[in-house]
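The values are calculated or read from the model by the stated rules, or taken from the named source; none is laboratory data. As the structure is a prediction and not an experimental result, all values here were calculated from the model. Please note: Cβ atoms are built from the backbone with ideal geometry, for glycine as well, and neighbour counts cover all protein chains shown.
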Amino acid sequence: MNPVYQKVQKVLIPSEILRGHHLCGSTKNHLVLQEGHYHSYGYEDNHLPEMEYKQVTTTCPYCGTGCSLNLVVTDNVISGTAPHYRSPVNEGKLCPKGTYSWQFINSRDRLKKPLIRKGDVFIESDYADAYALIAEQFRYYRPDEIAVLSSARCTNEENYIMGKFARGVLRTRHIDHCARLCHSSTIAGLSMCFGNGAMTNSIPDITESGCIFCLGSNTFEQHPLVGRRIIQAQKKGATFIYADPRYTPTARQADLSIQFYSGGDVALLNCMMGEIIRNEWTDADFIRDHTRDYENLRKVVLQRRYLPENVRKTTGVPAEQLKAAAQLYSTAKTATILYSMGVTQHTVGVDNVKSVANLAMLTGNIGKPGSGVNALRGQNNVQGACDMGCLPNVFPGYQKVTDGRVHKFFSDSWGFPGPISDPRPGYEITTMFRLLLDRPWEIKCMYLMGENPLVSEPDLNSVEDAIQNLEFLVVQDIFFTETCRYADVVLPAACYAEKNGTQTNTERRVQRIRKAQEPPGEAKPDWQIICELADIMGYGDQFPYQSEEEIFQEISSTVPQYAGITWNQTGQPGGVQWPCPERGHPGTPILYTDRFETPDGRGIFHAVEYKAPHEMPDESYPFLFTTGRIIWHWQTGTMTRRSKNLTDEVNEAYIELNADDAREMGIREGEIVRITSRRGELTCPARVVKNIMKGVTFMPFHFAECAANRLTSDAYDPVAKIPEYKVCAVRVERIRGD
C-alpha cells in the first residue's frame, strides 16, 4: 500500500524506520530520507528529534517521461524523495535529476515578493501595486502589440488559463511557448502524415518491440527511464539500432550504432526506405489498405542519389551499415521509432519528421503494440501546453483559430463580452524576437510565464538586443532568471511542489502533481496570479476558479481529447492517456489501431528530398557545431544548477572535440579554447574524446554564463518555425592550458 498522503503525526523516527534509507542531509530538526543506507549525521539512534513526516506522490518536474515520485516532507518542509512503485511509467525508478528534484525547491534565492523596476534597480512591492501597474500598461497597448509566452514547465491548468487570458483579456493572437524550440516540427510533420502530432504508443509498450530504431535522441541521458525500457526489450530479444553524430551512452547499448553528420537525417531515412522497397520488405497490405500517395514516395527514394554508396558521401555512414539498418528494422515482427530534438531542431525539421513517419508506414509499424512513431518530449509538460492551445494557430485541443465555428465556440464558452482574439494565426516565439529586432513597433509589450529566452533562444546576442526594444515586460517565475534582468515587473510563482494540477507526459498520459509544502514568502501558483490579474482588469466573472480541479473541469468541457477524463482519474497511478472522448472510456495507449485521423482515415506519404543544413563548415569556420543535454542537467539549468548533488557532478560548460582534430590543433584535455561562429564567441574547457565524428563538435546548452546559443543560428524551419540548434559552423582555437 502506497497512499498519496501518509497520515501526518508526531513521531520519533528511530533507526528501524530509517533502515533501508539514506540520510543524505540535514537541517535544523529536518532529516532527508532517500533510498539507500542510513547514516546518522550526528544524531544518536535514541535521540532523534520529533517531527511530522509524510510522503506526497507527485510527478517529476523535468523531462517529458512523466515519472512518479514521493516527496518526503518533514515538519512541513520538503526534505527528500522516495520511490513511488505504482507508476507504470517508471515503476519506482528515478534518474539523478528526479532523485534530487527536491533540492532546488527551498533555495534561498527563490522569488518571494513582487519586484518593480525603478530605474536600474528592482524594488520589492506588493501584489496590489504590481497588478495595478501591469493592468494599466496592458490596457495601454493594442492587442497586436502584446505577445504572451506560456510554459511547458507549468501545469495544464495554468497553460489553459494563460491562453484564455491572452485571447480573452488581452485579445492578442500572439501566444506561444517553448514547444516552438523543441517539437513544433513533430506537431506539424506528424499532423500532415497521421492527422495528429502526438506520440503514437506508450512507454511500457516499447518493451514489446522486436526492433527499436532510435535517432536524434541520447535517450539514456535525456530520458533515462525510457532507456530502461529499451534494455528490457533487448532482454526479450529486441534489436536496438541507434543513429546519432556522437557515440553517446545510448550508443553503447546498441546492437548497431550509426554515426552520421548532423543534418543528414532525410538522406539516411530515404536510403533505408529505398533498400526496403528494392528488397520487397514493405508491408504491401498496410500500404494498400491504410495509406495514400505511396507512388510519390517510391519515385523519390529509389533515385540514385539515395543509394547507400551515394548517401555515404552525405552522411558519413558506411553503405553496409545503411543496408543493415534497413533490413533489421523492416524485417522485425514489430518495430518502433524513438526520436527527439536531434531530428526536429533543423531548418528541415518537418521534413525529417515526415521521413520518420514514411518509414513507419512503409513497413506497417503503426497502430499495434511494439510499433509506432514515438517523439520523446523534452520538458515535463510540453505535450500538455500544446494540448491547452498555447500555440499561435490553435485553441485548446488543436482546434484551429481560423475556423469560425471554433472561434465562436470558445468565445461563447469563455463568456467574454464581444469577440476574443483576431481569428488569424499569431506570431511564433522565433518570429516575435526577430520582429522585436527588425520592426520593434509591431510588438511593444510581453508577458512571460516560466520562460527564460535569454538562455533558450538561438543567436542570443541578437535576442538580448531585441528584448531591450520592449516597452513593457512582465516575467513570472520561481527564480530571478537571466530574462528577469530586462523585466519591468517580476512576479513570484510557486514551483511544482507547491501547487496542485495536472501535466501530460510525452505519451499523452495526464497525471497529477500535488502540493507538498507552502510556497515561499508571497509566491503563488501561476493560475492564481493570472486569475487575480484578470479580476483587476475587469474579467473576474470569466476567471471565477477557486481550485485547480475547477479549471480541469472546464478543460474537459472544451478539449475533445480530455472530454472523458475526470480529476479523480488523473490522481490514479498512471493517470489516463488521451484521447479519452467520453466518461468511462479507459484512455488510448495506442493511436491509429483502426484509422488515421485524416479526413479519409488514411496515412499520407510525403515524398521528401534531402536538403543541406542552412550553414555548413567552410574554410573560415571548419567545424560542425551541435548542442544537447547531459544527464545531470535540464534545459536552462535554472533548477538543476541549484541542486547540489547535480552540480557536484558537472557545473561548467565544455566543448567536445574529436581526438584527431584536437591533436591536429595541439589542444589537450582541459585546455581553454575559444569557439567562434558568425554570431558570437565563447571560451570554455575542451574535452578530447573519441566518441564524436571528426569535424564535429558538441556543447551542452545548460550553462548561462557560457550559453551555447550565443553561437547557434537563428535560421528556422519555414513551416514549424523551429530554430536549427543542431547544425552551425564554428572554428575552435587554443587559448591557454591550465
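Which of (1) touching a residue at least 24 places away in the same chain (Cβ under 8 Å); (2) assigned to a helix (DSSP H, G or I) does Gly263 not meet, given it meets every other one?
(2)
Tell me yes or no: at least one residue of region 697-709 is within 22 Å of the chain's Cα centre (by Cα), more than 26 Å from Arg252 (Cα to Cα) and at pLDDT 90 or above.
Within region 697-709 (the criterion being within 22 Å of the chain's Cα centre (by Cα), more than 26 Å from Arg252 (Cα to Cα) and at pLDDT 90 or above), the answer is no, since none of the residues qualifies.
When you scan region 102-146, how many residues do you find that are more than 28 Å from the chain's Cα centre (by Cα), over 19 Å from Ala166 (Cβ atoms) and of a type in the set (D, E, K, R)?
Residues flagged as more than 28 Å from the chain's Cα centre (by Cα), over 19 Å from Ala166 (Cβ atoms) and of a type in the set (D, E, K, R) within region 102-146 amount to 7.
Would you mind stating whether Ala563 is in contact (Cβ under 8 Å) with a residue 12 or more places away in the chain, aliphatic (A, V, I, L, M) and farther than 30 Å from Thr200 by Cβ?
Numbers: in contact (Cβ under 8 Å) with a residue 12 or more places away in the chain: yes; aliphatic (A, V, I, L, M): yes; farther than 30 Å from Thr200 by Cβ: no.
No.
Can you tell me which residues in region 650-673 are within 31 Å of the chain's Cα centre (by Cα) and surrounded by 15 or more Cβ atoms within 10 Å (Cβ to Cβ)?
Those that are within 31 Å of the chain's Cα centre (by Cα) and surrounded by 15 or more Cβ atoms within 10 Å (Cβ to Cβ): Val650, Asn651, Ala653, Tyr654, Ile655, Glu656, Leu657, Asn658, Val673.
Going through region 477-527 one residue at a time, which ones are assigned to a strand (DSSP E or B) and closer than 30 Å to Thr588 by Cα? Show your work before the answer.
Residues of region 477-527 that are assigned to a strand (DSSP E or B), as a first pass: 477, 479, 489-493, 501-504, 509-513, 524.
Those that are assigned to a strand (DSSP E or B) and closer than 30 Å to Thr588 by Cα: Gly501, Thr502, Gln503, Thr504, Arg509, Val510, Gln511, Arg512, Ile513.
With the structure loaded, tell me whether Pro685 is in a strand (DSSP E or B) and either modelled with pLDDT of 85 or more or over 29 Å from His177 (Cβ atoms) (or both) or whether it fails that test. It would help to see each step written out before you state the result.
Values: in a strand (DSSP E or B): yes; either modelled with pLDDT of 85 or more or over 29 Å from His177 (Cβ atoms) (or both): yes.
When the stated conditions are applied, Pro685 passes them.
Please pick out the residue among Val474, Val394, Val401 that is of a type outside the set (Ser, Thr, Tyr), assigned by TED's automatic domain parsing to the domain that holds Ser151, over 29 Å from Thr347 (Cα atoms) and in contact with a strand residue (DSSP E or B) (Cβ under 9 Å, 6 or more places away or on another chain).
Working: Val394 fails: over 29 Å from Thr347 (Cα atoms); Val401 fails: over 29 Å from Thr347 (Cα atoms).
Only one candidate passes the filter, namely Val474.
Which one is farthest from the chain's Cα centre (by Cα), of the residues in region 415-436 that are surrounded by 19 or more Cβ atoms within 10 Å (Cβ to Cβ) and farther than 15 Å from Arg173 by Cβ?
If we take residues in region 415-436 being surrounded by 19 or more Cβ atoms within 10 Å (Cβ to Cβ) and farther than 15 Å from Arg173 by Cβ, then Leu436 is farthest from the chain's Cα centre (by Cα).
Only residues in region 606-623 that are closer than 29 Å to Ala360 by Cβ count as the first member; pair them with residues that are assigned to a loop (DSSP other than H, G, I, E, B) and among the aliphatic types (A, V, I, L, M), Cβ under 7 angstrom, at least 6 apart or cross-chain, and list the lot.
Note: pairs meeting the criteria are Lys611/Val348; Pro613/Val727; His614/Ala715.
Looking only at residues that are within 18 Å of Pro520 (Cα to Cα) and not charged (D, E, K, R) in region 106-122, which one is surrounded by the fewest Cβ atoms within 10 Å (Cβ to Cβ)?
To start, the set of residues in region 106-122 that are within 18 Å of Pro520 (Cα to Cα) comprises 106-115.
Now drop any that are not not charged (D, E, K, R), which leaves 106-107, 111, 114-115.
Values: Asn106: 17, Ser107: 14, Leu111: 23, Pro114: 27, Leu115: 22.
Result: Ser107.
Yes or no, residue by residue, for (1) of a type outside the set (S, T, N, Q); (2) in the same structural domain as Tyr427 (by TED's automatic domain parsing); (3) under 21 Å from Asp661 (Cβ atoms):
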position: Thr697; (1), (2), (3): no, no, yes
position: Ala704; (1), (2), (3): yes, no, no
position: Ala708; (1), (2), (3): yes, no, yes
position: Leu711; (1), (2), (3): yes, no, yes
position: Asp714; (1), (2), (3): yes, no, no
position: Val719; (1), (2), (3): yes, no, no
position: Tyr725; (1), (2), (3): yes, no, no
position: Ala729; (1), (2), (3): yes, no, yes
position: Val732; (1), (2), (3): yes, no, yes
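Of everything in region 551-596, what is under 17 Å from Asn505 (Cα atoms) and of a type in the set (Gly, Ala, Ser)? Give them in sequence order.
Once the filter is applied, which keeps residues that are under 17 Å from Asn505 (Cα atoms) and of a type in the set (Gly, Ala, Ser), region 551-596 yields Gly571, Gly574, Gly575, Gly587.
Of (1) more than 25 Å from Leu297 (Cα to Cα); (2) in a loop (DSSP other than H, G, I, E, B), Arg252 satisfies all except one. Which?
Of (1) more than 25 Å from Leu297 (Cα to Cα); (2) in a loop (DSSP other than H, G, I, E, B), only one is false for Arg252: (2).
Mind checking which helices (runs of 4 or more DSSP H) fall wholly inside region 351-447 and carry at least 2 residues that are more than 27 Å from Met537 (Cβ to Cβ) and not charged (D, E, K, R)?
By residue number, 382-387, 429-438.
Tell me yes or no: at least one residue of region 445-453 is out of contact with any strand residue (DSSP E or B) (no Cβ under 9 Å at 6 or more places or on another chain) and in contact (Cβ under 8 Å) with a residue 60 or more places away in the chain.
Within region 445-453 (the criterion being out of contact with any strand residue (DSSP E or B) (no Cβ under 9 Å at 6 or more places or on another chain) and in contact (Cβ under 8 Å) with a residue 60 or more places away in the chain), the answer is no, since none of the residues qualifies.
Among the candidates Phe596, Phe625, which residue alone is at pLDDT 90 or above, among the aromatic types (Phe, Trp, Tyr) and assigned to a strand (DSSP E or B)?
Criteria check complete, one pass: Phe625.
Go through region 187-208 and give me each residue that's among the β-branched types (Val, Ile, Thr) and at pLDDT 95 or above. Step through it out loud before you land on a result.
Kept after step one, since they are among the β-branched types (Val, Ile, Thr), are these residues of region 187-208: 187, 200, 203, 206-207.
Listed by number, the residues that qualify are Thr200, Ile203, Ile206, Thr207.
Say whether the condition of being part of a loop (DSSP other than H, G, I, E, B), over 18 Å from Met192 (Cα atoms), in contact (Cβ under 8 Å) with a residue 24 or more places away in the chain and of a type in the set (Ser, Thr, Tyr) is met by at least one residue in region 273-294.
We begin by selecting, within region 273-294, every residue part of a loop (DSSP other than H, G, I, E, B); these are 279-283, 293.
Within this subset, residues satisfying the condition of being over 18 Å from Met192 (Cα atoms) are 279-283.
Filter once more, so that each one left must be in contact (Cβ under 8 Å) with a residue 24 or more places away in the chain: 279, 281-283.
Going one step further and asking which of them are of a type in the set (Ser, Thr, Tyr), we end up with 282.
For region 273-294, residues part of a loop (DSSP other than H, G, I, E, B), over 18 Å from Met192 (Cα atoms), in contact (Cβ under 8 Å) with a residue 24 or more places away in the chain and of a type in the set (Ser, Thr, Tyr): present.
What number of residues within region 389-425 are aliphatic (A, V, I, L, M) and over 20 Å from Met192 (Cα atoms)?
Looking only at region 389-425, we keep the residues that are aliphatic (A, V, I, L, M), and these are 391, 394, 401, 406, 420.
Keeping just the survivors that are over 20 Å from Met192 (Cα atoms) gives 406, 420.
Result for region 389-425: 2.
Inside region 264-307, can you point out the residues that are within 27 Å of Asp594 (Cα to Cα) and hydroxyl-bearing (Ser, Thr, Tyr)?
Thr282, Thr291, Tyr294 - these are the residues of region 264-307 that are within 27 Å of Asp594 (Cα to Cα) and hydroxyl-bearing (Ser, Thr, Tyr).
Every residue in region 381-410 that is buried (at least 19 other Cβ atoms within 10 Å of the Cβ) and of a type in the set (A, V, I, L, M), please.
Val382, Ala385, Met388, Leu391, Val394, Val401 - these are the residues of region 381-410 that are buried (at least 19 other Cβ atoms within 10 Å of the Cβ) and of a type in the set (A, V, I, L, M).
From (1) closer than 30 Å to Asn270 by Cβ; (2) touching a Leu at 6+ places or on another chain (Cβ under 7 Å); (3) in a loop (DSSP other than H, G, I, E, B), pick out the condition that doesn't hold for Trp632.
Every condition holds for Trp632 apart from (1).
What's the number of the only condition in (1) more than 30 Å from Gly197 (Cα to Cα); (2) part of a loop (DSSP other than H, G, I, E, B) that Tyr725 fails to meet?
Failed condition: (1).
Across region 229-254, which residue is nearest to the chain's Cα centre (by Cα) among those that are surrounded by fewer than 20 Cβ atoms within 10 Å (Cβ to Cβ) and over 15 Å from Ala332 (Cα atoms)?
Pro249
Checking Ile555 against (1) surrounded by fewer than 23 Cβ atoms within 10 Å (Cβ to Cβ); (2) farther than 30 Å from Asp714 by Cβ, which test does it fail?
Condition not satisfied by Ile555: (1).
Can you tell me which of Arg278, Arg304, Arg292 is surrounded by fewer than 18 Cβ atoms within 10 Å (Cβ to Cβ), in contact with a Lys or Arg (Cβ under 8 Å, 6 or more places away or on another chain) and not assigned by TED's automatic domain parsing to the domain that holds Asn658? Break it down into steps so the answer makes sense when it comes.
Numbers: Arg278 fails: in contact with a Lys or Arg (Cβ under 8 Å, 6 or more places away or on another chain); Arg304 fails: in contact with a Lys or Arg (Cβ under 8 Å, 6 or more places away or on another chain).
Step by step, each of Arg278, Arg304, Arg292 is checked, and only Arg292 is surrounded by fewer than 18 Cβ atoms within 10 Å (Cβ to Cβ), in contact with a Lys or Arg (Cβ under 8 Å, 6 or more places away or on another chain) and not assigned by TED's automatic domain parsing to the domain that holds Asn658.
State yes or no: is Glu669 in a helix (DSSP H, G or I), at negative phi and without any contact (Cβ under 8 Å) to a residue 24 or more places away in the chain?
On the way: in a helix (DSSP H, G or I): no; at negative phi: yes; without any contact (Cβ under 8 Å) to a residue 24 or more places away in the chain: yes.
It is false that Glu669 is in a helix (DSSP H, G or I), at negative phi and without any contact (Cβ under 8 Å) to a residue 24 or more places away in the chain.
Give the residues of region 75-106 that are in contact with a Leu (Cβ under 6 Å, 6 or more places away or on another chain) and of a type in the set (Val, Ile, Thr), sorted by residue number.
Ile78, Thr81
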